[in-house]
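Following: one structure in structure tokens, then a few remarks.
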Amino acid sequence: MRRLQWCLPLAIFMGILMVNPLWSNAGNTSTTDKYAWSENSGWVNFNPTHGGVTVYSTYLEGYTWAENIGWIKLGNDAGGPYNNTSSGDWGVNHDGAGNLSGYAWSENAGWINFNPTHSQVTIDTATGSFDGYAWGENIGWIHFKNTFPAYNVITTWAPPSGGGGGEEPVKVVLTVSSTSPSNGGNRCFGRYYHLREIFDAYQWLNGQHGQYLCKRRRWQ
């Protein structure tokens, strides 16, 4: 009886993990313009419940949900940029100018190439609009933008401006103050080493399991 008391909660927890990814984050993709299309896997949602994709200047991370194949993961847990040279080092990279490359992974559909022969997935740096085609080895083409029927994936990511006003999302591990500073909103405190730089000032957006997605404020 005592063994059943802890086995049942464990079974429930494992069942939840099979349905939802461990890391749940809305990312920085639009809540309305969030769909790509595949003839074989249906609609691919880049901002689903319990998932989401974050675009950084050098890579993408997070989960999309395809209605016929389930979760698609945009990169390994260590984060990017990714070398895409082994089963432990893979993901979708971004050159900072809107050009994507590398691989996403689906347990049910295999590898998905964001820079296949004859196409490439791109992001318009002015509008955040995705375009182009990714290729899945078992599902064929995934199309990111169409006029009729209209669909598109759009991100709020934008390249940082040279004048100091640009913002780029940064994932950090830190604590959040319970008070609101004079400029409005909570503020994250801590340091996160990213691309050999140290960022000290963050504006809090949301948090999950002690990890917070913040926007770095660039100052001239």
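The values are calculated or read from the model by the stated rules, or taken from the named source; none is laboratory data. None of the values given here were measured: they were computed from a predicted structure. Don't worry about glycine lacking a Cβ; one is built from the backbone with ideal geometry, like all the others, and counts go over all protein chains shown. In case anyone asks, the SASA skips ligands and DNA or RNA and just uses the protein heavy atoms, side chains included. Shrake-Rupley method; radii C 1.70, N 1.55, O 1.52, S 1.80 Å.
Listed values, structure above:
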item	result
Volume per residue that the Cα convex hull of segment 51-100 spans, once the total is divided by residue count, Å³	83 Å³
Cα gyration tensor, segment 70-149 - rounded (a/c under 1.5), prolate or oblate	oblate
Rounded accessible area of ASP33 (nearest 10 Å², 1.4 Å probe)	60 Å²
Full-stretch length increase - SER86, HIS118 - with 0.36 nm per residue and alpha-carbon distance subtracted	9.1 nm
Inter-site label distance for ALA150 and GLU107 at 7 Å from Cα along Cβ, in nm	3.7 nm
